[in-house]
Amino acid sequence: MSLRVAVIMGSSSDEDTMAPARITLEQFGVECHWEVMSAHRTPEKVRKFVAGARDAGFGAIICGAGMAAHLAGATAAQTTLPVIGVPLAGGALNGVDSLYSTVQMPKGIPVATVAINGAMNAALLAIQILAVTDAGLAEKLAAHRAEMAGG
């Protein structure tokens with residue numbers, strides 16, 4: 001079974017901001033599971049999903065959340081899969097609060113963190129993680145980088 005990536009977000013209002021993650025994963029041929037679940041409003045749904053993620057064939061989980069941005073941390077606390085946090089802009093601090101909440105995880109529970117609203121980079125990071133053991137993805141990444149560099 002080929003590995004896939006879960007993209008979860010705390011609210012349906014985050015879907016437009018997180019869309020570049022899904023688009024990028026699909027462009028690279030990586031299956032994307034897309035779902036809304038909240039660390040605060042639906043914590044049991046998050047727990048059940050994360051507990052079964054490895055067995056369901058996921059190789060990484062991307063979490064997008066704003067304000068307190070606990071989704072990535074709550075996810076990372078329950079899995080040894082790589083978790084990539086996308087802090088989302090909004091609220092009084094326009095995403096800086098989300099950035100701090102996502103990047104300041106306690107020792108032993110890492111969350112890879114990309115820029116505020118950096119969903120595309122989160123997808124590229126997930127693809128790089130999968131490409132460690134997938135030569136085809138590694139080739140696609142090399143071609144993508146060459147294209148970005150103009151050659």
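The values are calculated or read from the model by the stated rules, or taken from the named source; none is laboratory data. All of these numbers come straight from a predicted model, not from anything done at the bench. Because the Cβ atoms are built from the backbone with ideal geometry, glycine has one as well, and the counts that use them run over all protein chains shown. For the accessible areas, the whole protein counts, side chains as well, though only heavy atoms, and no ligand, DNA or RNA atoms are used. Shrake-Rupley method; radii C 1.70, N 1.55, O 1.52, S 1.80 Å.
Summary of computed values
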{"item": "Close pairs (6 angstrom Cβ cut-off, 6 or more residues apart or separate chains): among the basic types (Lys, Arg) in the stretch 130-149, part of a loop (DSSP other than H, G, I, E, B) anywhere", "result": "140/28"}
{"item": "Candidate set: the stretch 54-70, residues that are at pLDDT 95 or above and under 13 Å from the mean Cα position of the chain (by Cα); chosen: the one nearest to residue 11 (Cα to Cα)", "result": "64"}
{"item": "Considering residues of the stretch 1-34 that are within 19 Å of residue 130 (Cβ to Cβ) and among the acidic types (Asp, Glu) only, the residue least open to solvent (accessible area, probe 1.4 Å)", "result": "31"}
{"item": "Some residue of the stretch 94-108 being at pLDDT below 95 and farther than 24 Å from residue 43 by Cα", "result": "yes"}
{"item": "Test: residue 125 is open to solvent by 40 Å² or more (accessible area, probe 1.4 Å) and either assigned to a helix (DSSP H, G or I) or at pLDDT below 95 (or both)", "result": "yes"}
{"item": "Segments classed as helices (runs of 4 or more DSSP H), wholly inside the stretch 1-92, with at least 1 members that are among the aromatic types (Phe, Trp, Tyr)", "result": "43-53"}
{"item": "Which listed residue is more than 19 Å from residue 9 (Cβ to Cβ), at pLDDT 95 or above, over 15 Å from the mean Cα position of the chain (by Cα) and open to solvent by 50 Å² or more (accessible area, probe 1.4 Å), from 131, 149, 143", "result": "143"}
{"item": "Scope the stretch 99-120; condition open to solvent by less than 50 Å² (accessible area, probe 1.4 Å), in contact with a helix residue (DSSP H, G or I) (Cβ under 6 Å, 6 or more places away or on another chain) and part of a helix (DSSP H, G or I); matching residues", "result": "102, 119"}
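Here is a yes/no grid of residues against (1) more than 20 Å from residue 124 (Cα to Cα); (2) in contact (Cβ under 8 Å) with a residue 60 or more places away in the chain:
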| position | (1), (2) |
| --- | --- |
| 19 | no, yes |
| 27 | no, no |
| 30 | no, yes |
| 55 | yes, no |
| 64 | no, no |
| 68 | yes, no |
| 83 | no, no |
| 102 | no, no |
